[in-house]
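Report on the structure given below.
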Amino acid sequence: MNLDHIVRALEGVALPAVAVDLEAFDRNLERHLAMARSHGLTLRFATKSIRVRALIERAHKGKGARGLMAFSMTEAAALAQGGLDDLFVAYPTLQPSAFAQLAELTERGVIVSLAVDSDEAVNQLAALGKARGLALRVVLCIDMSLRALGLHLGVRRSPLRTPQDVIALAERARDLGLVVHGVMGYEAQVAGLGDDSPFDAAPLRLTKRAVRAASMRELAQRRSAIVAELRARGFALAFVNGGGTGSLDLTTTQTGVTEVSAGSGLYKPLLFDAFASPFVRSLEPSCFFALEAVRRPGPNFITCLGGGYVASGAHGPDKLPRPVWPAGLDLTAAEGAGEVQTPLQGESANRITLGSPVLFRHAKAGEVMERFREVLLLREGRIVERVPTYRGEGLCFL
Ligand SMILES: Cc1ncc(COP(=O)(O)O)c(C=O)c1O
């Protein structure tokens, strides 16, 4: 990967800055869409992994993209305000304000749905729907974790695991006047489990590979049984959603799935360097942030201003950003990525001019956008547009 053209494009730009290389972004976009299309599926982009309206719209226009996976109802309202439709809020909430927004959007004719997995949410939504005379849409969120050898492998999200669990909530929702619009099962222990991480020893990588394979075998049975049972009972599901960037090539082959979700792969942050999947390997980093080199504390050291953009999740070195240009620089063990100062170590530090940029990649996709008001969009080695991030629009959700 030649990053020189990105650095040249940033000449004279106020630092820190975040940039997206549109050519790499568009190639990634087409790789995602081609993967979904080749299995006769559609792609619902996950907005939390993008967090820039212009880039969400760009992805959404792709051939084979359908609907968006939002991460809050307030966000769905903001997207609908911009003319986007078919919005699925994939994370349950019981906030009356979110329910009220769902009702308002539904009343206006927007196709919007909310993930549910509890009687409480179903009861409260149904009461609101009844009071407003609206058929509110819910999507049943299913637990896709793997239970093996007494272990729970995967995320702790939904209690709906068996066909019986799902049918019981689906029927309750229908009886109370809600529309069971779809089903979602996110296999986090596959989509988010890199099996080729440089931070893992070889036996751990093999174990992760085995977990991924065992999970997909188990889900092939359970997911299709759940979907078949729902359809047999007359639930006309608008979609059966699964997957993420890290499982796209596997989830697309599962019976019953009608659409896949992804978002991170458009930027390909560091965490996705840890996957052996040929699909993930085919993706290119498209998002970089640049910090200003401001101090030279000694030979082989350079210190940048800002940079503490550590990713969420269980803490570990894989959640830290990494300097990628110039090559040969590392964070220091003592300071890591600092709130206001990030020292870097390496022989190439000696060749950096103070005031010039150092390029980094973030560990995750959307989160880095919370640190910036605007993104520089690059093409052919120059800035072609500056667009606001969600933060730049004054939008803040979770
Ligand atoms: C429900 C759900 N679907 C899909 C994804 C996949 O997103 P990405 O492709 O950005 O990893 C996520 C990410 O956490 C998720 O929570």
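The values are calculated or read from the model by the stated rules, or taken from the named source; none is laboratory data. Because the structure is a prediction, the values reported are computed rather than measured. Neighbour counts run over all protein chains shown; Cβ positions are idealised from the backbone, glycine included.
The condition (being out of contact with any strand residue (DSSP E or B) (no Cβ under 9 Å at 6 or more places or on another chain), in the same structural domain as Ala126 (by TED's automatic domain parsing) and closer than 21 Å to Gly243 by Cβ) is satisfied by just one residue among Arg205, Arg156: Arg156.
Ala293 - would you say it is farther than 24 Å from Ser312 by Cβ and either outside the structural domain of Leu237 (by TED's automatic domain parsing) or modelled with pLDDT under 95 (or both)? Let's see the steps before the verdict.
On the way: farther than 24 Å from Ser312 by Cβ: yes; either outside the structural domain of Leu237 (by TED's automatic domain parsing) or modelled with pLDDT under 95 (or both): yes.
The answer is yes for Ala293.
Can you pull out the residues in region 346-398 that are aliphatic (A, V, I, L, M) and over 24 Å from Gly265 (Cα atoms)? First the steps, then the outcome.
Taking region 346-398 as the starting set, the residues that turn out to be aliphatic (A, V, I, L, M) are 349, 352, 354, 358-359, 363, 365, 368-369, 375-378, 383-384, 387, 395, 398.
If the condition is that a residue be aliphatic (A, V, I, L, M) and over 24 Å from Gly265 (Cα atoms), then Ala349, Ile352, Leu354 are the ones that fit.
Restricting Ala327, Ala314 to residues that are without any contact (Cβ under 8 Å) to a residue 40 or more places away in the chain, surrounded by fewer than 16 Cβ atoms within 10 Å (Cβ to Cβ) and within 16 Å of the ligand (Cβ to nearest atom) narrows the list to Ala314. Residues of region 350-372 that are surrounded by fewer than 24 Cβ atoms within 10 Å (Cβ to Cβ) and in contact with a Phe, Trp or Tyr (Cβ under 7 Å, 6 or more places away or on another chain): Leu359, Arg361, Arg371. Based on this model, can you work out whether Gly194 counts as under 20 Å from the mean Cα position of the chain (by Cα), outside any helix (DSSP H, G or I) and either modelled with pLDDT under 95 or among the polar types (S, T, N, Q) (or both)? For Gly194, the condition - under 20 Å from the mean Cα position of the chain (by Cα), outside any helix (DSSP H, G or I) and either modelled with pLDDT under 95 or among the polar types (S, T, N, Q) (or both) - is met. Among the residues examined, Arg223 qualifies as under 30 Å from Phe272 (Cα atoms), touching a Gly at 6+ places or on another chain (Cβ under 6 Å) and assigned to a helix (DSSP H, G or I).
Before we move on, is Gln254 modelled with pLDDT under 95, in contact with a helix residue (DSSP H, G or I) (Cβ under 7 Å, 6 or more places away or on another chain) and outside the structural domain of Gly316 (by TED's automatic domain parsing)? Yes, satisfied.
Of the residues examined, Glu171 is not one that is among the charged types (D, E, K, R), assigned by TED's automatic domain parsing to the domain that holds Arg233 and crowded, with 23+ Cβ neighbours inside 10 Å. Criterion applied to Leu128, Leu114, Leu105 was being farther than 21 Å from Arg172 by Cα and not in a loop (DSSP other than H, G, I, E, B), and the one residue passing it is Leu105. Which of the residues spanning region 227-252 are within 16 Å of the ligand (Cβ to nearest atom) and touching a Pro at 6+ places or on another chain (Cβ under 6 Å)? Those that are within 16 Å of the ligand (Cβ to nearest atom) and touching a Pro at 6+ places or on another chain (Cβ under 6 Å): none in region 227-252.
Just wondering, is there one or more residues in region 34-46 that are under 20 Å from Phe372 (Cα atoms), within 13 Å of the ligand (Cβ to nearest atom) and modelled with pLDDT of 95 or more?
So the first thing to find is which residues in region 34-46 are under 20 Å from Phe372 (Cα atoms), and the list is 46.
The next check asks that each one be within 13 Å of the ligand (Cβ to nearest atom); those that pass are 46.
Then drop every residue that is not modelled with pLDDT of 95 or more, which leaves 46.
Yes, some residue in region 34-46 is under 20 Å from Phe372 (Cα atoms), within 13 Å of the ligand (Cβ to nearest atom) and modelled with pLDDT of 95 or more.
The selection criterion, being among the polar types (S, T, N, Q), surrounded by 20 or more Cβ atoms within 10 Å (Cβ to Cβ) and closer than 19 Å to Leu3 by Cα, does not hold for Ser282.
Just one of Gly182, Gly177 is in a strand (DSSP E or B) and surrounded by 13 or more Cβ atoms within 10 Å (Cβ to Cβ); which is it? Before the answer, list the steps.
Details: Gly177 fails: in a strand (DSSP E or B).
After ruling out the rest, the residue left standing is Gly182.
Taking region 294-311 as the range and being within 19 Å of Val18 (Cα to Cα) and either surrounded by 23 or more Cβ atoms within 10 Å (Cβ to Cβ) or not small (Gly, Ala, Ser) (or both) as the test, the residues that pass are Val294, Thr303, Cys304, Leu305, Gly307, Tyr309, Val310. Test Gly62 against the criterion of being surrounded by fewer than 18 Cβ atoms within 10 Å (Cβ to Cβ), in contact with a helix residue (DSSP H, G or I) (Cβ under 8 Å, 6 or more places away or on another chain) and within 23 Å of Tyr390 (Cβ to Cβ), and give yes or no. No. Residue check: Val155 meets all listed conditions (1) farther than 15 Å from Leu114 by Cβ; (2) at pLDDT 95 or above; (3) surrounded by fewer than 23 Cβ atoms within 10 Å (Cβ to Cβ); (4) within 16 Å of the ligand (Cβ to nearest atom) but one, namely (2). Given the criteria under 18 Å from the mean Cα position of the chain (by Cα), within 30 Å of Gln341 (Cβ to Cβ), surrounded by 19 or more Cβ atoms within 10 Å (Cβ to Cβ) and at pLDDT 95 or above, does Val89 qualify? Judged against the criteria, Val89 is not a match.
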